Each structure stands twice: as structure tokens, then as C-alpha cells.
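Notes to accompany the following structure.
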Amino acid sequence: MEQANTSIARLRGELATARQRIATLEAALAATGQESPGCGRTNAPANFYLTILDDAPALIWRAGRDAKCDWFNKTWLSFTGRSLERELGDGWAEGVHPDDFQRCLETYLHAFHARQFFEMEYRLLHHSGGYRWILDIGCPFTEPDGAFGGYIGYCFDVTQRRQDEQFRRDVDRMIRHDIKAPLNSLKTLAQALFSDVQDAEVKPLLPRLHHAIGNVVNLVDSTEKILQIERGEYAPPAIRLDLRAICRNTAATLAPQTEAGGPRILFPESGPEAAPLCHGEEVLIETLLTNLVKNAVEASLPGAAVTVRTFSGPDAVGVAVHNQGVIPEAIRDVFFEKGVTSGKAGGAGLGTYSAAIIAKAHGGRIDFTTSETAGTTVTVTLPPAPRASREDA
């Protein structure tokens, strides 16, 4: 993914350079009194700047004020194997994959009418007869007099990148599938030992072993679901969850870390209010809370307290995690973004990011407050689940 982002950033830079080159040439033409570029490839002297882009390695197109394409470079025509005459106007759209056509058209027209930069990926028919994935980056340009002139687009074949991403997803999926079998066997073995072992020192440790192995199995499951969330393919199930129970599981998961001289995790009594119930995926909500509590523990001094409170109301339920640490000012604006970390050796910056996207996927939100005097509180707010009726009980 980092490599893909780097490629897109490079393409944007090249497109900006090309636009600047065109603007400079158009200004020079205006100074000599020549007309703005027309539609032809060789007819108008003002079109000579297009020859600079004709042999560029990218597929480049241009559209006029009417949103109709009036020029394609040789690289585009070589890619599609079609003549310029066939591509002009809306002819180029004949090569767009049927499954991508409507989305492609809507993205283009929406940006065009709003005079906005756009980027999209779609499949375009290659001269070999197969479809290839194209990253199309388009932006408006102006005539020398400052009037809107149309759009110019810079396209890049990203088929290999998408295939590499799909390959990695497939490998990850196979690894997760293959590792679950031995983990489930270990979980069953731990359960059997729990029933048979009588040693007074060993027996109390076995429930923790069983719980820890179960957490690893759940983590394998949650990884696939987080990928679905990132791709916009996840919908949480309508399963009623008790946040207090999930908090207790979180405490059990982190018990070895806190009992080894680390910060204490406190769960104050929540009072008489109803249990905080939400709808969702238990493994994901527990992953969310474990990440937040673990981060709070790691940001606290030994012996300090991390406080986890649940709350319940008519319009929202949730959990607030507090510690005495302070979020550095430099990362506060990007605290929930992927890869953001500070002061933690080996930190990947994924815990708060995954917590944020899990909360959003469940229809909720995540916020924080931080100061030198009050410490840091991260609050997860979720829609409440309806109470069970007598018929449900």
C-alpha cells in the first residue's frame, strides 16, 4: 500500500509539471498573438505543445468545455489500438469495462461540472483484447485569458499493482485460515488440561492460557474483518453486546501485562444505569477496547491507574479510557490516522487507527481530550441497541 501511495504521489507531481509546461507554452503563444489550441493534431500552430505530450509514457487525454474529449496522445492510442477519430468525443468510453462504466462516467461528470480535480480507477480495453486497470488523474485547465478551457488527464496502468495487492490478500487469507487449525487445537488442549490438572500452582494459570489462545484465534478473525472495513465491504451484525462484559474480557487479556508491575486497570462501578448495550461484532469491539486500554497502559508509569468507564444513555452508549499521560501536540490532529505513533519503540501506529475505523463501521465515533493537568481520555461512542423484549427473553 505504501508503494501504491508513492506511485500516486509521483504521478500527481508529474501531472502538475505537465500542466505547468502547458500553461507556460500557452502564455508564450498568447504573447505572440496566436490562438488557443483547437482539436486537430497538426492543423493549428497553437497545438504544437501537444507534441511534447504525444510520446509521454503516460496515457494522456484532453477534453474541451463541453466535456467531450478532443485529443489523445500516441501512448493512449497505442494502448487501445484505436484511431484518434474513434476515441474523440465519447468514443473512448467504448473501451471502459461495462461494470465500471457508470461509476467512471459519474465521477468524471461530477468533477467536470464542479471544476474539481479527480482520480479514479477503472478497467480499459487493451489492444491485446483484455482489460487493464487504469489510474486516471484529471484536473481542469484554463485558457491564457483565464477562462475555463476544459480538462487534461494523465493515466497510468496499475494492473500489476492491483494484482500484487490481490496476491497479498490471498496469501494473508490462506495464512489466517491455516493458522487457525493449530490454534484451535491448542485451545482444546488447554481446556482439557484445565479439567484434568490438579496441581494447585498450575491449575489457576490454565484459564488464562485458554483465554490467551482464544484471543489469538479472535485476532486472526478480526484481521480479515478489518480489511473488509478498509475496503468498505463490512456491515456489522445485529447482535446485542454488553460493553461491561467486553471490558472484563479486555482486563483478562491484559492481566499478565498489568500484574508484572505495570499500571493498574480500574473499572469503577457504573452505578444504577442500565447495562450499555450496542449492536456489533464482539471480536471487533473487544479488539477496539483492547487497543485503547493497551495504549493507555503503555503510556502510563508503573503503579499508575488506567480507568475504564462505561456509560449508557437513551441516545448513545460507550466506553471512556483514561490515563495520566499526555498525547504529544505534534500528533493530536492526526492521532487516529494510520501509522501515527510517538515515543513507543517498535510502535506501528495501528492501534488507534483500527479502533477508529471499527467504531465508525459500527455507526459510532471516537474522540479524545488531553492536557497536562487532566491526562488523556479516549471516548468511544456507539448507537445503543434496543432492549430485549419479553418475547426475546
* Asked: So between residue 221 and residue 128, what do we pick up on full extension, going 0.36 nm a residue minus the alpha carbon distance?
  -> 29.4 nm
* Asked: Considering amide H positions built from the backbone, and no H for Pro or chain starts, which residues 5 or more places from residue 158, or on another chain, come under 5 Å of its amide H?
  -> 133, 134, 135
* Determine the gain in length on full extension of the stretch residue 329-residue 316; use 0.36 nm per residue of separation and subtract their C-alpha separation, reporting nm with one decimal. => 1.8 nm
* Asked: Measuring from label point to label point, each 7 Å out along Cα→Cβ, what is the residue 274 to residue 374 span in nm?
  -> 2.9 nm
* Report the extension gain between residue 231 and residue 78 in nm, rounded to one decimal, defined as 0.36 nm multiplied by the number of residues separating them, less their alpha carbon distance. => 51.8 nm
* Structure fact -> Within the range 61-91, the residues whose backbone N lies under 20 Å from a label point placed 7 Å from the Cα of residue 143 along the Cα-to-Cβ direction are 62-72, 89
* Residues 72, 311, 148 arranged by fewest to most Cβ contacts within 10 Å -> 148, 311, 72
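Bear in mind these aren't lab numbers, they're just calculated from the coordinates by the rules spelled out. Fair warning: this is a prediction, and the values are worked out from it, not measured in the lab. Note that we place each Cβ from the backbone using ideal geometry, even for glycine, and neighbour counts take in every protein chain shown.
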